[in-house]
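The values are calculated or read from the model by the stated rules, or taken from the named source; none is laboratory data. Computed from a predicted structure; not experimentally measured. Positions of Cβ are backbone-derived with ideal geometry, glycine not excepted, and every protein chain shown enters the neighbour counts. Note: accessible area is taken over every heavy atom of the protein model, side chains too, but ligands, DNA and RNA are not part of it. Shrake-Rupley method; radii C 1.70, N 1.55, O 1.52, S 1.80 Å.
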Amino acid sequence: MFIQRAKFALRLDPNCSDAYLCWGSAEEIRGRLEAAIELYQKAIKKAEEKLGPEAFEPGSDIHWWYSAGT
């Protein structure tokens, strides 16, 4: 169910980092670790595109996980 919802969200917004994160979590639960890693990497890439690379630097005031912008 989570994978279908993530794919639907990505049809609405192909840059939705949360959708990639949810899809990655579902793949991890299914034991598909390589697929999960790829999806987690896409989630980080999409979040970085929206927030900028400084959001991922140590000590940043922006925490990408909690940002509504992702």
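Computed values, structure above
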read-out	value
Cα→Cβ-extended label distance, 7 Å offset, between Phe2 and Glu49, nm	2.3 nm
MRE, 222 nm, helices only [DSSP H, n ≥ 4, -39500 (n - 2.57), over the chain, to nearest 500]	-20000 deg cm²/dmol
Difference of contour (0.36 nm per residue) and Cα-Cα distance, Leu33 to Phe56	6.0 nm
Charge tally in the Cβ shell below 15 Å around Glu49, where Lys, Arg are +1 and Asp, Glu are -1, Glu49 excluded	0
Under the Karplus curve 6.51 cos²θ - 1.76 cosθ + 1.60, θ = phi - 60°, whole-Hz ³J(HN,Hα) for the stretch 36-48, x wherever Gly or Pro sits	4, 4, 4, 5, 4, 5, 5, 4, 5, 4, 5, 5, 5
With all protein chains modelled, accessible area of Lys42 [1.4 Å, Å²]	100 Å²
For the stretch 17-31, 3J(HN,Hα) per residue [Karplus equation, 6.51 cos²θ - 1.76 cosθ + 1.60, θ = phi - 60°, Hz, x = Gly/Pro]	5, 4, 5, 5, 5, 5, 5, x, 4, 5, 5, 4, 4, 6, x
Within the accessible area of the chain (1.4 Å probe), percent carbon and sulfur	57 percent
Cα long-axis angle, helix 2-12 against the chain (0 to 90 degrees, to the nearest 10)	60 degrees
Average accessible surface area per residue within the chain, 1.4 Å rolling probe, Å²	71 Å²
Cα-derived Rg over Rh, computed across the chain with Rh taken as Kirkwood radius	1.00
